[in-house]
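What follows is one structure encoded as structure tokens, with my remarks underneath.
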Amino acid sequence: MIPVLIALAASALLGLATGFVFRVWANLVVAPLVAFGSAVALFHYGLGFFEGTLATIACLFASQAAYLLGTFLVMSDAGVECFLAEDLFDNEPGENCESDITGNQQQKRHEHPSRSLPPDT
């Protein structure tokens, strides 16, 4: 049981350190390292296939959860709004969104009016 707890703690610390320093793309490297490292270490301590698989999945989960925690702690001044696609509280897009798309389309329509219908014959 102690090797599983050590693997979980090491995975969580690695995920937390990754969240503090790197972007999400670093998880492409960290996740396989956590999975392989924990699987080898737990197999070395004599865990069976089923127990080792569950412990490895738990280590991956701990690493990913710690990564998210680290990311939120680094960006604590920005808050959760930084991670949302748009501002849902007032149904208005954020400053990063193009909020005047319809106004631009109407302006282009006034610059280039559509052709009038052909006269009736």
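The values are calculated or read from the model by the stated rules, or taken from the named source; none is laboratory data. In this text the structure is predicted, and so the values were computed from the model without any measurement. When we count neighbours, we look across all protein chains shown, and the Cβ atoms used for this are built from the backbone with ideal geometry, even at glycine. Each accessible area value is taken on the protein alone, full model and side chains, heavy atoms only, with ligands, DNA and RNA left out. Shrake-Rupley method; radii C 1.70, N 1.55, O 1.52, S 1.80 Å.
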When the residues of the range 32-53 are narrowed to those that are of a type outside the set (F, W, Y) and out of contact with any helix residue (DSSP H, G or I) (no Cβ under 9 Å at 6 or more places or on another chain), which ends up least open to solvent (accessible area, probe 1.4 Å)? G48
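Each row is one residue, and each column tells you yes or no for (1) assigned to a helix (DSSP H, G or I); (2) in contact with a Gly (Cβ under 9 Å, 6 or more places away or on another chain); (3) closer than 21 Å to M75 by Cβ.
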site	(1), (2), (3)
L8	yes, no, no
S11	yes, yes, no
A17	yes, yes, yes
F20	yes, yes, yes
L33	yes, no, no
S38	yes, yes, no
A41	yes, no, no
G52	yes, no, no
I57	yes, no, no
Set A66, A62, A39: member being touching a Leu at 6+ places or on another chain (Cβ under 6 Å) and closer than 19 Å to I2 by Cβ: A62
